[in-house]
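To start, the structure itself, in structure tokens.
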Amino acid sequence: MTSLAPTVAAFGGTAYERSVLGVWCKIQASLFGYRLLRILFENGTKQVILITSVADPDKAGATVLARGSSFQNAYPVGYRLPGPVPAGTLYGTGLGSPSLLEFNPNAPAGGIDPDVTLLHELVHAYRQACGRWSPLPILRFVKPTTVTDSNTENNRFGNWEEWFAVVCEGIYAAEMGAHSVRTTHNNNLPYFAMEMSGQSQSRVFADKFGPAIVRIRNTEPLIYSVMRSSNAWFNPIREYEDLLMDFDTPGPFPKNFDVPN
């Protein structure tokens with residue numbers, strides 16, 4: 001087993017652990033990646049994230065709750081978990097849960113590099129470890145006037161947690177030199193933002209998902225600050241704040257805006 005951070009380790013034999021360490025170091029080599037990892041795993045959380053190999057060699061990565069853990073601990077206090085109602089209804093405790101992060105350091109996921117995949121999954125694991133995992137439907141966080149097809153909007157990301165991780169990975173990838181980043185979590189809905197002149201696609205994305213961005217600010221203020229400070233060309237957080245400056249009022253959403261589950 002190779003320790004990567006106080007609460008993060010890789011397990012799977014010497015060769016596998018060295019490969020994971022190499023990907024981890026690549027993430028740390030970027031300013032955004034370094035700052036994000038410091039927040040994720042130097043914040044005193046006691047829950048362990050174990051990075052381990054995947055059973056399917058074609059699979060890039062996934063985050064699951066550790067075996068034997070009480071999965072409702074990954075969810076916020078009062079969050080109603082999916083299940084029969086009223087019998088069998090469970091609610092989140094907010095205590096946090098350890099996670100197994102299954103990761104293949106050698107398999108690009110549909111053109112997504114391994115370091116981008118690992119960062120995406122680490123964001124998920126962190127949210128579970130902190131007891132803040134809340135996969136609310138993304139449609140709740142889309143600017144209503146930009147919705148043309150609610151099914152497409154839901155299928156594009158599925159839930160806010162996937163949207164959040166995709167935005168984190170996009171800022172990281174753009175800062176690392178990518179000229180296009182995915183703006184979807186569905187390979188059958190290939191949305192991308194391109195580095196280009198003229199109207200910023202990053203700004204269009206920020207306008208569409210303003211309520212989702214406000215939720216980052218309310219639930220993960222430290223990560224929000226790190227995202228905002230990145231000089232990446234794809235940065236919906238910075239673009240969103242620029243959009244607010246275009247309004248005479250403080251903005252289209254109140255400071256404490258959030259959507260309950």
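Derivation of every value follows stated rules applied to the coordinates shown; laboratory data play no part. Quantities reported herein were computed from a predicted structural model and do not represent experimental measurements. Note that each Cβ is placed from the backbone with ideal geometry, even for glycine, and that neighbours are counted across all protein chains shown.
List of remarks:
- Of the peptides 29-41, 142-154, the ranking by mean beta-carbon count within 10 Å, highest at the top, reads 29-41, 142-154.
- For a label point 7 Å along the Cα-to-beta-carbon line of Ala107, residues of the stretch 176-206 with backbone N under 16 Å: 187
- Local electrostatic count, Ser180, Cβ distance below 15 Å [Lys/Arg +1, Asp/Glu -1]: -3
- Backbone N under 17 Å from the His179 label point (7 Å along Cα→Cβ), restricted to the stretch 227-244: 233-234
- Stokes-Einstein D for the stretch 80-221, Kirkwood Rh over Cα pairs, 20 °C, 1.002 mPa s (µm²/s): 130
- Projecting label points 7 angstrom from Cα along Cα→Cβ for Leu81 and Tyr34 puts them 3.9 nm apart.
- The simple spin-label model puts a point 7 Å past each Cα toward its Cβ; for Phe71 and Glu42 those points are separated by 3.4 nm.
- Peptides 100-107, 218-225 ordered by average Cβ neighbours within 10 Å, highest first: 100-107, 218-225
- Centre separation in Å (Cα based) which lies between the stretch 127-175 and the stretch 187-224: 9
- Efficiency of FRET from Cβ geometry, Val64 and Cys25, R₀ 22 Å, rounded to 0.05: 0.35
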